[in-house]
């Protein structure tokens with residue numbers, strides 16, 4: 001009798017690590033196009049979702065070239081998330097090549113998209129709105145943007161709250177058993193986003209409006225400018241693939257001198273040379289690096305979306321305080 005009990009106990013002990021491993025396995029395999037989005041999906045998914053990002057830290061989502069490994073990852077995914085609004089021009093080809101059966105979830109659906117060329121902050125958009133009405137699934141894979149729509153929606157946390165709702169809905173559909181958990185995670189994360197928005201407002205409102213002007217590499221901060229009343233100047237358009245003409249550069253230099261813009265920023269995923277050239281011409285100070293379309297490595301200052309946004313706010317505020 002004793003022997004039998006001992007065997008049963010040993011069998012239980014032998015099984016327990018295995019059972020633990022099985023219990024810890026994620027229910028849903030999700031793939032996101034870039035690190036910023038992957039982080040938000042992780043926040044909503046919690047332990048039930050294993051998330052991977054096609055583009056790694058510091059990678060540029062505008063100019064990405066998918067790899068054979070990406071084809072496999074997309075094919076094997078339960079859910080695929082993309083931001084949309086023309087950001088990932090390469091995504092349609094990747095979906096077609098991979099043979100992925102579903103439709104990718106476009107998380108920027110229902111965000112009021114701003115048109116390029118709108119003066120950032122005179123419009124006073126609050127980032128909330130209705131369906132943008134652009135269908136990204138018809139993208140032909142080029143690096144253009146439909147109707148000059150600005151795809152950098154995550155540069156306002158209010159827009160990321162819309163992402164969260166779309167992610168909660170998509171994960172709940174893929175894994176109905178986890179629906180309550182996804183909703184609870186999403187609600188908790190949206191509270192963090194609201195605090196982040198409040199933080200940015202408080203920090204920036206303390207700076208006189210005439211000093212809220214910044215030079216960056218490309219036109220990626222329109223939503224931020226609209227939300228917090230900051231004017232951004234950039235030599236490149238909405239995509240890092242565009243090129244600035246000599247006229248554009250000369251105009252920008254004149255504007256910077258006229259408006260006393262004293263600092264400039266690099267972006268973690270773009271070539272800094274053009275911004276340096278412009279800054280040198282006007283004697284502007286380097287304000288450091290901003291994280292735009294990609295998070296930093298996990299040991300860097302922008303390992304999560306929340307960290308990235310707060311870091312950018314702090315960098316900008318420090319630089320704008322020095323504008324005269």
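Read-outs throughout are calculated quantities, based only on the coordinates presented, and are distinct from any laboratory measurement. None of these values were measured; they are calculated from a predicted model. Cβ atoms come from the backbone with ideal geometry, glycine included; neighbour counts cover every protein chain shown.
How would you order 174-182, 106-114 from highest to lowest mean count of nearby Cβ atoms within 10 Å? It would help to have the intermediate numbers written out before the result.
On the way: 174-182: 16.8, 106-114: 23.3.
Ranked from most to least packed, the peptides come out as 106-114, 174-182.
Separation between the residue 65 and residue 250 pseudo-spin-labels, each 7 Å from Cα along Cα→Cβ, expressed in nm?
About 3.5 nm, to one decimal.
Beyond 15 Å, how much of the Cα-Cα pair distribution for region 27-77 remains, as a whole percent? Intermediate values should be presented prior to the final figure.
On the way: 561 of 1275 pairs.
It works out to 44 percent of all Cα pairs.
Express the Stokes-Einstein translational diffusion coefficient of region 156-205 in µm² s⁻¹, to the nearest whole number, given a Kirkwood radius over alpha-carbon pairs, 25 °C and a viscosity of 0.890 mPa s. Walk me through the intermediate numbers first.
Numbers: Rh = 11.5 Å.
Rounded, D is 213 µm²/s.
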